[in-house]
Amino acid sequence: QVQLVESGGGLVQAGGSLRLSCAASGSIFSINAMGWYRQAPGKQRELVANLITRGGITDYSDSVKGRFTISRDNAKNTAYLQMNSLKPEDTAVYYCNAHLRTGWDHYVNEYWGQGTQVTVSS
């Protein structure tokens, strides 16, 4: 079993900052990538940021480039999303996502966290 547990969400004023954490636990052999998605009311879930383990390649949505930074502590299997200069349009439920193997001969599977609410007031 694999669990992704997010933390760090909350209410913040526009222009403020928040740091989200996502801890992956359980039977993890290797992690290919970890990322963050978000879903605002009435909208589809969208990619916010992604970090590929091999090469440390990062990818960001245009709407957050220059404001958000994704990072990982590989030893702790934990991903972070530092969010600066927050805007009301960043309000959403943020979900952690991971592509990982639970064994050396296992396929890569996708896992999701339960989500954490981020609300930015104007």
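The values are calculated or read from the model by the stated rules, or taken from the named source; none is laboratory data. All values derive from a computational prediction rather than experimental measurement. FYI the Cβ positions are ideal-geometry reconstructions off the backbone, even for glycines, and counts take in every protein chain you see. These accessible areas exclude ligands, DNA and RNA; they are computed on the full protein's heavy atoms, side chains included. Shrake-Rupley method; radii C 1.70, N 1.55, O 1.52, S 1.80 Å.
Sort the stretch 22-71 into rounded, prolate or oblate with this rule: let a ≥ b ≥ c be the square roots of the eigenvalues of the Cα gyration tensor; rounded if a/c is under 1.5, and if a/c is not under 1.5, prolate when a/b is larger than b/c, oblate otherwise. If you can, show how the numbers build up before the last one.
Numbers: a/c = 2.69, a/b = 1.43, b/c = 1.88.
Oblate shape, in that a/c is at least 1.5 and b/c is the bigger or equal ratio.
Excluding Y94 itself, calculate the net charge of residues whose Cβ lies under 15 Å from the Cβ of Y94, where each Lys or Arg counts +1 and each Asp or Glu counts -1.
After counting each charged neighbour, the total is +2.
Give me a comma-separated list of calculated 3J(HN,Hα) values for the stretch 82-93, in order, Karplus coefficients 6.51, -1.76, 1.60 applied at θ = phi - 60°, integers in Hz, x for any Gly or Pro.
8, 10, 10, 6, 5, 10, x, 6, 7, 4, 4, 8
What's the carbon and sulfur percent of the stretch 16-122's accessible surface, probe 1.4 angstrom, rounded to a whole number?
48
Could you pull out the trypsin sites (Lys or Arg not before Pro) across the stretch 40-81 that fall in loop regions by DSSP (anything but H, G, I, E, B) with no more than 11 other Cβ atoms inside 10 Å?
Of the trypsin sites (Lys or Arg not before Pro), the ones in loops of the stretch 40-81 whose Cβ has at most 11 other Cβ atoms within 10 Å are K43, K65.
Run the numbers for A75 and S30: contour at 0.36 nm per residue of separation, minus the present Cα-Cα distance, in nm.
Contour length minus the Cα-Cα distance gives 15.1 nm.
Can you work out D for the chain in µm² s⁻¹ from Stokes-Einstein, where Rh is the Kirkwood radius over C-alpha pairs, the temperature is 25 °C and the viscosity is 0.890 mPa s?
169
Suppose all protein chains stay in the model; what accessible area per residue would a 1.4 Å probe give for the stretch 1-116, in Å²? Walk me through the numbers before you get to the answer.
Working: 6340 Å² over 116 residues.
On a per-residue basis, 55 Å².
At a threshold of 8 angstrom on Cα-Cα distance, excluding pairs fewer than six apart, so keeping six or more, what relative contact order does the chain reach in percent?
With pairs under 8 Å counted, the relative contact order is 36 percent.
Ordered by residue, what ³J(HN,Hα) values in Hz, to whole numbers, does the stretch 104-121 give under the Karplus form 6.51 cos²θ - 1.76 cosθ + 1.60, where θ = phi - 60° and Gly and Pro are x?
5, 10, 9, 5, 7, 10, 9, 10, 10, x, 7, x, 9, 7, 10, 10, 10, 8
Sort out for me the Cα centre separation of the stretch 1-78 from the stretch 89-122, rounded to whole Å.
That distance is 6 Å.
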